1. Just checking: which of the helices (runs of 4 or more DSSP H) contained wholly in the stretch A:360-470 hold 2 or more residues that are over 26 Å from A:H293 (Cα atoms) and assigned by TED's automatic domain parsing to the domain that holds A:T544?
2. Looking at the stretch B:137-169 only, could you name the residues that are open to solvent by 10 Å² or more (accessible area, probe 1.4 Å), of a type in the set (A, V, I, L, M) and under 22 Å from A:E309 (Cα atoms)?
3. Hey, can you tell me all the residues within the stretch B:269-291 that are open to solvent by less than 30 Å² (accessible area, probe 1.4 Å) and of a type outside the set (G, A, S)?
4. Looking for whichever is within 11 Å of chain B (Cβ to nearest Cβ), of a type outside the set (A, V, I, L, M, F, W, C) and in contact with a Lys or Arg (Cβ under 7 Å, 6 or more places away or on another chain) here; the options are A:E294, A:E311. Which one fits?
5. State all residues of the stretch B:170-180 that are open to solvent by 10 Å² or more (accessible area, probe 1.4 Å) and either of a type outside the set (A, V, I, L, M, F, W, C) or within 14 Å of the chain's Cα centre (by Cα) (or both); if no residue qualifies, say none.
6. All but one of (1) within 14 Å of chain B (Cβ to nearest Cβ); (2) closer than 30 Å to A:F51 by Cα; (3) open to solvent by 30 Å² or more (accessible area, probe 1.4 Å) hold for A:V436; state the number of the condition that does not hold.
7. What tally of residues in the stretch A:441-491 results from selecting those that are within 14 Å of chain B (Cβ to nearest Cβ), surrounded by 16 or more Cβ atoms within 10 Å (Cβ to Cβ) and within 38 Å of the chain's Cα centre (by Cα)?
Amino acid sequence: MSVPPEGVHSASDETYAKIPPPSKPVVERSQVVIRFAGDSGDGMQVTGSQFTAESALAGNDIATLPDFPAEIRAPAGTIAGVSGFQVNFSSHDIFTPGDEPDVLVAMNPAALKANIGDLAPNGVLIVDKETFTEANLKRAGYDSNPLTDGSLAKYQVFAIEVGKLTTLALRDLGLNNRTVSRCRNFFVLGLVSWLYQRPTERTVEWIKNRFRKVPSVMEANLRAFRAGYNFGETTELFASAYKVPPAKIAPGLYRSITGNSATALGFVAAAVKSGRPLFLGSYPITPASDILHELAAYKNFPIYTFQAEDEIAGVCAAIGAAFGGAIGVSTTSGPGMDLKAEAIGLAVKVELPVVITDIQRAGPSTGMPTKPEQADLLMAMFGRHGESPLPIIAAATPADCFYCAYEAVRIAIKYMTPVILLSDGHLANGAEPWLVPDVSELPPIEVNFRTDPNGFMPYARDEVTLARPWAIPGTPGLEHRIGGLSGEHLTGNVSYSPSNNEMMVRLRARKIAGIAREIPPTEVYGDPAGGELLILAWGSTYGTVREAVDHLRSKGKSVSHVHLRFLNPLPSDLGEILRRFKKVMVAEMNMGQLLKLVRAEYLVDAFGCNKIQGRPFKVSEIVNRAMRALEE
Amino acid sequence: MASALSRKDFVSDQEVRWCPGCGDYAILAQVQKLMPELGVARENVVFISGIGCSSRFPYYMNTYGFHTIHGRAPAFATGLKITRPELDVWVVTGDGDGLSIGGNHLIHVLRRNVDLRILLFNNRIYGLTKGQYSPTSELGKITKSTPFGSVDYPFNPIAVALGAGGSFVARSIDVEQKHLGEVLKRAHNHRGAAFVEILQNCNIFNDGAFNDLTDKAVKADYQLILEHGKPLIFGKNRDRGIRLNGMRAEVVQLGNGVREEDLLVHDETNLIQAFLLASFEPPLPTPIGVFYAVERPTYDASVNKQLQDARERLGEGDLQKLLRSGDTWVVH
Ligand code: SF4
């Protein structure tokens, strides 16, 4: 069971913190998925995050998924302006934010319309009744009022006058209507917190902290929150409350972390552990910009951030910094990857350590910038002219982004190569609890600048890694020139020798292939010795596939899971593992990109399970496809 | 150590591969000659270039060098200079590299005032790709890609640099060795982005583009040498000058009541005047020298100062503490 750290979340104010034990019966549940949905201005992200924080404190395992509207300022009350936040909390291990919510909170008709299709049958639907006015219904595209036309019959509907109840709770504070209306989300959070018996301290603390400069607003939000909680307790509407017991979780200090935040911290850790400054050259792009924002704030760390004039300048500046001995990093999403291709090719040729992070989003072209996809894999592999292989690492979960960013830097430096780190919009904004690691346990990142002029040659190579020396400006006696023109073995001097060119192309390819020695033996979840079906996956599909495999195995099916972190080079034991299974299914959010690679590489007759909707797989989709394959 | 160096210490072992007679040779010779005089340790000098004839330059300098990709040299140089502010970083580019494919990077590096020396070799043609018109080629120019004459209005590199907020903007000519050496030295001593347009003859694809300015017999009538604080006088007999007529400049003959005191005096710190001089077209003479030079904070220094201030204020960042920050809870 988790408890707040001493003195951190222990709310001092008796009035708000101590909430009486419920007098209604409490029903136990092992897992609940709630989705909060409302207009962009309704504060749904805050509501969802706070509910998550309460659930973490309750000791549940959690997975979350925010869903931002595609347009920055969509007209209020329209479907385009609906913002959502889904949280899955459980008394056992969970890996995904959940397929379909058990509870939907809809703050207006548009939020209802956009989300009702996902709500589980007999699910709990909480709506703010007062927002179902004729005008709002029309704006959301309803011809009749769903609250009265019987279309919601298969759900447990709780239509509550949130605005009126909030106003009532705040009536003597002398606040204007707008301020009162902005407290509605805390009323709802209070209500749902009661319904699931969440500890409220963290929310109380959060409100106090967030609004400490405006006491009247702080008071209003605290009151709304408490009013919502008490409303649940006293109203006749709810016959019982629910509780989800704590999960068995490894002890230690946790924080909730998003993929982008973890990526940023992974880079900071790499800078500190390597003792080299990290330089981020980046151009704002959804959904990668948060990494730039976060790194820009760490000014007392050896972190440089450079908001470049364009995507190309971002990566070029990173390569320039790497030439000078810094860790070069560039962060972007698909359209930016297209633009950076030429510069990445140069980094391959001149062999400098840079990490290019692609937070993949749905394409092609501008596509759906706020929605995830995994369709940049083949671009990462082959999206440069000429033979230009480089290592590719993909993160599996939000917290895994930390370790992958760190590993990407380690590999880049050890092998003197650009590395592509793949994340996606789902990981970037999704959050999970992260057991904060002990810094001393992170693997070392060694930096050995060449300083000895004796026998120095810019393209002489380490015997094992085939890495060339990192010889940085400012080092006497090592003056040398590098560039994109074909270069001679050892000296790097411009050379058009046909045989030298082929040798260098092969040498660089061998260097990258050799990185396979860094990959630990592949973990086969399920039947390591082989079985009926192996689901091969990479990136953010991890949780969904793992849950699907657990489900199938609980039904007695021989289904296993291998999840790849290195997409290039592939693990050296992978081919042999694939052959242990009768069938191999590759699950990915694209048209079959890893599938193409493994079919070409290993001549296995693998097949795909694919989705290109800008949405993560549902567990059921993986399960159904696997069942079909098992029956075929 | 630096003082003991000579010109040949800056000559690399690579064979220079420009066309015989190319103006680039003269610029290379001048830069190599200048280097020992600058008092910078050789290992601290870096030349960064893009793509084009001019961009082969780093291979011939026995310093650190990076021959990058087309148009992007200012971006590479920016990343290097921010993280290694103690280095003496030079960018070598051309009219195609710097003003066409790399125009965006050039204007932004000038705007930011990154402490770099930027040499733009302007030969008004694409040489490496064998003779297409460039963004500085004159209207009507007949080239391989404009057989009926170019209808593409050209850039004025000095005006572009001034417009982009350059803090040091100058022009010289490949064969004017002494002048070029002085301008480069001024550029080197400038703290901030120092932009130097060097008119360069491509004797293969655009021979004689600057004949008026380089032909000994007539050049004095076409060159207007800018000197801070001095009146604008030119001509073989130094008997003509530039006078303001309202907002416009005009050429006047000295004598007959026109005195030196009536002439415009060059002021490197006057941006409006720098724009005026940049706009000179025949029949006005072509100004060479420093158009504009002012000091303002450099980007690289400002970035590093922010980091230093933060370290002083908050102490060196503690990684473990950072990881354990944010909204945390303990599971027992
Ligand atoms: S093509 Fe022109 S600019 Fe290029 S090297 Fe030859 S003469 Fe010089």
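1. On the way: elements: A:377-382, A:400-415, A:425-429.
No helices (runs of 4 or more DSSP H) qualify here.
2. B:A159, B:V160, B:A164
3. As a first pass, look at the stretch B:269-291 and keep what is open to solvent by less than 30 Å² (accessible area, probe 1.4 Å): B:273-274, B:277-278, B:280, B:285, B:287-291.
If the condition is that a residue be open to solvent by less than 30 Å² (accessible area, probe 1.4 Å) and of a type outside the set (G, A, S), then B:Q273, B:L277, B:F280, B:P285, B:P287, B:I288, B:V290, B:F291 are the ones that fit.
4. On the way: A:E294 fails: in contact with a Lys or Arg (Cβ under 7 Å, 6 or more places away or on another chain).
So the residue among A:E294, A:E311 that is within 11 Å of chain B (Cβ to nearest Cβ), of a type outside the set (A, V, I, L, M, F, W, C) and in contact with a Lys or Arg (Cβ under 7 Å, 6 or more places away or on another chain) is A:E311.
5. B:R171, B:E176, B:Q177, B:K178, B:H179
6. Here A:V436 meets the rest and fails (3).
7. Residues meeting the conditions: 11.
Condition check ((1) within 16 Å of the ligand (Cβ to nearest atom); (2) closer than 13 Å to A:E479 by Cβ; (3) buried (at least 23 other Cβ atoms within 10 Å of the Cβ)) across all residues:
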position: B:W18; (1), (2), (3): yes, no, no
position: B:L34; (1), (2), (3): no, no, no
position: B:I51; (1), (2), (3): yes, no, yes
position: B:F66; (1), (2), (3): no, yes, yes
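The values are calculated or read from the model by the stated rules, or taken from the named source; none is laboratory data. Since the model is a prediction, treat every value here as computed from it, not as a measurement. Virtual Cβ from ideal backbone geometry, glycine too; neighbours counted across all protein chains shown. Please note that ligands, DNA and RNA were not included when accessible areas were found on the heavy atoms of the full protein model with its side chains. Shrake-Rupley method; radii C 1.70, N 1.55, O 1.52, S 1.80 Å.
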